[in-house]
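A short worksheet on the structure shown next.
The values are calculated or read from the model by the stated rules, or taken from the named source; none is laboratory data. Being a predicted model, the structure only gives us computed values, none of them experimental. FYI the Cβ positions are ideal-geometry reconstructions off the backbone, even for glycines, and counts take in every protein chain you see. Surface areas here come from the heavy atoms of the whole protein model, side chains and all, with no ligands, DNA or RNA. Shrake-Rupley method; radii C 1.70, N 1.55, O 1.52, S 1.80 Å.
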Amino acid sequence: IQDLLQASTGRNVALHFLPGAITYDPSVTAVDPLEASLVVWLDSLLTNIDRTVRNTNMLMWRKELWLIDHGSCLYFHHAWDNWEHHATGPFPHVKDHVLLPFATRLEEAAALAAERITAQHIDRVVDLLPDVWLQWPETELDPAGIRSIYKRFLHLRMDRAQTLSTEAEHARLARV
């Protein structure tokens, strides 16, 4: 694990060892349709491009699904000048999501998420980010400016909650 941590860029947080955990394999383990739908929807919200068959970034531990390695979420980080496009545009990578075939309750997932992830909740969570995590060499923005973009990005994505589930459902139907 030390080799992985050394090779990883950026800060690693919330590291927890899961003894006996195995990589999630969709051909071995079925996931509850609502759980699959919530994960697909969340990854669409956060524009997570890295939860595919080749690299699920999920583990099974004690018969529970654990989402790991969120380094590919919010990939607008790599194009600060174009973050609005990522916030308001579609998420085409949802078509490659490993849980998409099992995500048959996407509309319900979107409704649950919209109830739980309020604008106030987003603001409180983003305000908890330490300044040291918000110093990006790719931008001239200070931590307050970066915090503002995170909030605006997430608010805009949440405004599209129903659209995200519709896009994912269209991708699921095209795939199955």
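General observations
- Residues located in region 155-176, provided they are within 17 Å of Phe76 (Cβ to Cβ) and open to solvent by 30 Å² or more (accessible area, probe 1.4 Å): His155, Leu156, Asp159, Arg160
- For region 85-101, taking the residues that are of a type in the set (A, V, I, L, M, F, W, C) and either open to solvent by 60 Å² or more (accessible area, probe 1.4 Å) or part of a loop (DSSP other than H, G, I, E, B) (or both), the one that is nearest to Val31 (Cα to Cα) is identified as Leu99.
- Given (1) open to solvent by less than 70 Å² (accessible area, probe 1.4 Å); (2) under 15 Å from the mean Cα position of the chain (by Cα); (3) modelled with pLDDT of 95 or more, number of the condition Ala113 does not satisfy: (3)
- Criterion (under 15 Å from Leu45 (Cα atoms), out of contact with any Pro (no Cβ under 8 Å at 6 or more places or on another chain) and either assigned to a helix (DSSP H, G or I) or without any contact (Cβ under 8 Å) to a residue 40 or more places away in the chain (or both)) met by exactly one of Leu164, Leu173: Leu164
- Here Glu138 fulfils each of the conditions (1) of a type outside the set (Val, Ile, Thr); (2) surrounded by fewer than 19 Cβ atoms within 10 Å (Cβ to Cβ); (3) in a helix (DSSP H, G or I) apart from (3).
- Residues (assigned to a helix (DSSP H, G or I) and either open to solvent by 20 Å² or more (accessible area, probe 1.4 Å) or touching a strand residue (DSSP E or B) at 6+ places or on another chain (Cβ under 6 Å) (or both)) located in region 32-84: Pro33, Leu34, Glu35, Leu38, Leu42, Tyr75, His77, His78, Trp80, Asp81, Asn82, Glu84
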